[in-house]
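Comments concern the structure below.
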Amino acid sequence: MKLNSFSQPLCLAFAGFSLLTAQGGDPIDFTNSGKEVDHHDTLWDSHRVDSHAPIGVMGDHTHEAGEWMVSYRYMSMDMGAQRDGTNDLTSAQLFGLGFPVAPTGMSMEMHMMGLMFAPTDNVTLMAMTGYEFNKMDHVTAPGSPPRALMGPSFEMETEGWGDTTLGALVKFYDENHKRAHFNLAFSAPTGNLTNRAYPMHTGTGTWDLLPGVTYLWQDGLLSGGAQVLGRIHLGDNDYGYSNGDSIKGTGWLAYMLSDFLSLSGRLSLENVGDINGFDTRFPGPGFMSPPMDAANHGGTWAEVGLGVNLLGNSGHRLAFEAVLPFHQDLNGPQMQRDWMFTVGWQKAF
Ligand SMILES: [Cu+2]
């Protein structure tokens, strides 16, 4: 049931026509009148280019029984200037706070592989993991011991496998081009925590619960969705702490320019709590730089995303989404997010 761009207006026209010509007291049931026109036309169309959310959204869609999907995503994120709360900070101000080293930027790159399989129409299993590269640039305070050791600036790099997500998407609503499912997943600690700076870790070190709910709709050439996802850290990791629990809400609209091309706009709001405890390997006091202090993590971010989805005749999907923050309120001195983008490929079998 590939979308015919005329079928939707025709269906609406027919519904309008039946409303106008309806006689007597029977209430008009659009669900039923739609089904009389074409049974399939009231069902979710998973072959639309915009039936997948913007590529930066995870766990957005379910599959039909027996379907598999493989995916690859490349994500890149860049962070820059320092900020505490909503106030920008210079490196000199960080030196003044007693840190001999100030980070000036960080980049994160991730290669993510995903697998989905639907044993039934209502349950889609998913697994996802990735390999990541992190890089942080620093400047050192004049006259400080790190300046003598490292010079005026230095960079730090980490890489490795990230944590692994395993879970299920459980569909509980599917009518009239509207769908909803629960996101029930957990994250296994397959990443590493070798670096002193918390943001340079590739994993959390804890088993995490990832509960959520996702709602999707299609209407003519438009579609949209909303998702709320949480991350709850279950207990502490081997180094005696856990990252702050987080919650993220996101909503998007997509418009189909053609059967193979859709554009999307998205808004998201994310809150990450403070770290609970601290890394017992590096307890302080007297941290070299702010990201090494457990007190300087978490915050609230509001972001906007602009994306493109492409669907080939062969069922290959390609998508791109850029995400830009427009509000950041950070708990303690941290680097601000500058931008992020995701490029992805998906193919169902
Ligand atoms: Cu899928």
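What the table shows:
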{"item": "Segment 323-349 - residue that is in a strand (DSSP E or B), within 16 Å of the ligand (Cβ to nearest atom) and not charged (D, E, K, R) and, of those, modelled with the lowest pLDDT", "result": "Ala348"}
{"item": "Segment 118-130, subset within 21 Å of the chain's Cα centre (by Cα) and within 9 Å of the ligand (Cβ to nearest atom), residue farthest from His181 (Cα to Cα)", "result": "Met126"}
{"item": "Checklist (1) away from the ligand (no atom under 16 Å from the Cβ); (2) in contact with a Ser or Thr (Cβ under 8 Å, 6 or more places away or on another chain); (3) within 30 Å of Met58 (Cβ to Cβ) applied to Val101, failing item", "result": "(3)"}
{"item": "Selection from segment 54-88 of residues that are assigned to a loop (DSSP other than H, G, I, E, B) and within 12 Å of the ligand (Cβ to nearest atom)", "result": "Ile55, Val57, Met58, Gly59, Asp60, His61, Thr62, His63, Glu64, Glu67"}
{"item": "Counted residues, segment 252-263 - those being under 12 Å from Ser223 (Cβ atoms) and touching a Ser or Thr at 6+ places or on another chain (Cβ under 9 Å)", "result": "6"}
{"item": "Answer from Phe320, Phe282, Phe278, Phe287 - the residue that is among the aromatic types (Phe, Trp, Tyr), more than 16 Å from the ligand (Cβ to nearest atom) and closer than 25 Å to Met75 by Cα", "result": "Phe320"}
{"item": "Given (1) within 22 Å of the chain's Cα centre (by Cα); (2) at pLDDT 95 or above, index of the condition Glu157 fails", "result": "(1)"}
{"item": "Extreme residue, nearest to Ser246 (Cα to Cα), among residues of segment 290-318 that are touching a helix residue (DSSP H, G or I) at 6+ places or on another chain (Cβ under 8 Å) and assigned to a loop (DSSP other than H, G, I, E, B)", "result": "His297"}
{"item": "Check on Tyr131, at pLDDT 95 or above, closer than 28 Å to Val101 by Cβ and among the hydroxyl-bearing types (Ser, Thr, Tyr)", "result": "yes"}
{"item": "Filter pass, Met106 being closer than 16 Å to Asn296 by Cα, out of contact with any Leu (no Cβ under 9 Å at 6 or more places or on another chain), buried (at least 20 other Cβ atoms within 10 Å of the Cβ) and assigned by TED's automatic domain parsing to the domain that holds Pro211", "result": "yes"}
{"item": "Tally of residues being in a loop (DSSP other than H, G, I, E, B) and either surrounded by 17 or more Cβ atoms within 10 Å (Cβ to Cβ) or not aliphatic (A, V, I, L, M) (or both) across segment 89-101", "result": "4"}
{"item": "Some residue of segment 198-216 being charged (D, E, K, R) and buried (at least 16 other Cβ atoms within 10 Å of the Cβ)", "result": "yes"}
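The values are calculated or read from the model by the stated rules, or taken from the named source; none is laboratory data. Bear in mind that the values here come from a model prediction, so they are computed numbers and not experimental data. Cβ coordinates were reconstructed from backbone atoms using ideal geometry, including for glycine residues, and neighbour counts include every protein chain displayed.
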